[in-house]
Structure formats: C-alpha cells, structure tokens
Amino acid sequence: MPHGRRNFLQVRTGGEGYAAWFMNPYILFETALGWCAMAWGPRGIVGVELPAADAAATAARIGRRFPDAVQTAPSLAIAAARDAIVALLRGERRDLSAIALDMAGVPEFDCRVYQAARRIEPGMTLTYGAIAARLDDPMAARQVGRALGRNPFPIVVPCHRVVAAGGKAGGFSAPGGTATKLRLLAIEGARVGRPGARMTA
C-alpha cells in the first residue's frame, strides 16, 4: 500500500488558546479477521489497513504509512465507518460506498477505478477487464490491476471484488495475498469463477 500524506489539524486546548499541530489521527479496531486500522483527515478517510493477527502489527503498518499519525478517539463519522467494516467482516451485508474518502493526491485514473470498484455490491465480483470497459478503455485491464494494487482504502474500496478473467482470483498486494482476497470474498458469499455484473447505481 502507498505511503500516506500529511494532514495538519489544529486543536485548541483550555482557555489559553494554545494551538497544537499533529498529523493524521487513526484508530485501531478488532474485526473477525484480526486488527484493522484507519487514518483520516478533514475531508475523509486517507488510509485503511487490512487485518493483522495482532494490534501491534497493524499499528506498525499504519505507522509506516503515516509516520506522525496519532491514535485518537474517532469522530461520529469515523466510528460509523469502523462499525460498518466490522459488520461486513463478520458476514453482514453492508454498503460502504457512502463512506467519505479523501482522494486528494490520488491519480485521476486511480480515482476512476476506485469509484467503479465501490459500485460492486457485496457478494459480486467484476474482472479487471470489466472495470476497464466501464472506464471506456477496454485495453486498460493491466492499468486497472496496478491501480487496485496501490489502493489506499482496502475494504472501503473493495479491490478484493475485482478478479482476473477465466475464474482466477488475480493478485492481491495486501498481507496474506490471494488467500486474504479469497477469504474476504468467501465472507461476502462471492464465488470466484462466476463474476457478476450487477453494480449499484
């Protein structure tokens, strides 16, 4: 996953009007698959870490992406996003497409890929080529794969739902590789080898 960028947030404390500057706040949270992390800024989520076996490993990964991140109590919007991810990973059908993401600095092509991927419903899959076709660039399947490989928002941007042609899972750059991808798809009830084309409006 790519390194995160720095977002400065100003906090005023007490009656002295002291202004303290710090970097992206983040939370660690436990799911059915392990510990996830999520960092955010004023305009939305800037990074998500897929589950690891323990909180320390996940904290180390989010720390490498956002070296000055500070673990912070979540806002209402971030808490709602966390709860939706937790529910999805325990097998509940949840739509994460309305969660606000801060894509400032993300290449324009990648943004288009992520927007297309967010329309794939839980339990469904699309191929890299199908995503490329929806971007009116049917020869761009490899570029789609590369964009998903650097997805800063896994699960919220469900890159695991994009698979290779011919019933193959395709790559997955997150920890655990293809095994993690297949596990996420299994939780959602998707069957690799039967990609669907149903997408949300």
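The values are calculated or read from the model by the stated rules, or taken from the named source; none is laboratory data. Keep in mind that what you see is a predicted model, and the values were worked out from it rather than measured. Neighbour counts are summed over all protein chains in view; Cβ atoms, including those assigned to glycine, are modelled from backbone coordinates with ideal geometry.
A Cβ distance below 6 Å, combined with a sequence gap of six or more or placement on separate chains, defines the contacts here; from region 133-160, residues that are outside the structural domain of R61 (by TED's automatic domain parsing) reach residues that are β-branched (V, I, T) and assigned to a helix (DSSP H, G or I) in the pairs V144/V113; V144/I131; A147/V113; I155/I85.
Among the residues of region 12-19, is there at least one that is of a type in the set (S, T, N, Q) and at pLDDT 50 or above? So far as region 12-19 goes, no, none of its residues is of a type in the set (S, T, N, Q) and at pLDDT 50 or above.
Can you spot a residue in region 50-62 that is under 19 Å from A104 (Cβ atoms), exposed (fewer than 13 other Cβ atoms within 10 Å of the Cβ), at pLDDT below 95 and outside the structural domain of M124 (by TED's automatic domain parsing)?
Checked region 50-62: no residue is under 19 Å from A104 (Cβ atoms), exposed (fewer than 13 other Cβ atoms within 10 Å of the Cβ), at pLDDT below 95 and outside the structural domain of M124 (by TED's automatic domain parsing).
Scanning region 94-132 for residues that are farther than 18 Å from G44 by Cβ, touching a strand residue (DSSP E or B) at 6+ places or on another chain (Cβ under 9 Å) and of a type in the set (A, V, I, L, M) returns A116, I120, M124, L126, A130, I131.
Using the structure shown, decide if G44 is touching a residue at least 40 places away in the same chain (Cβ under 8 Å) and more than 20 Å from E188 (Cα to Cα).
Yes.
Yes/no matrix, rows are residues, columns are (1) under 14 Å from the mean Cα position of the chain (by Cα); (2) at pLDDT below 85:
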residue	(1), (2)
R161	yes, no
A164	no, no
G167	no, yes
L182	no, no
L185	no, no
A190	no, no
G193	no, yes
A201	no, yes
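Answer yes if at least one residue in region 119-129 is at negative phi, among the aromatic types (F, W, Y) and touching a Lys or Arg at 6+ places or on another chain (Cβ under 9 Å), and no otherwise. Within region 119-129 (the criterion being at negative phi, among the aromatic types (F, W, Y) and touching a Lys or Arg at 6+ places or on another chain (Cβ under 9 Å)), the answer is yes, since at least one residue qualifies.
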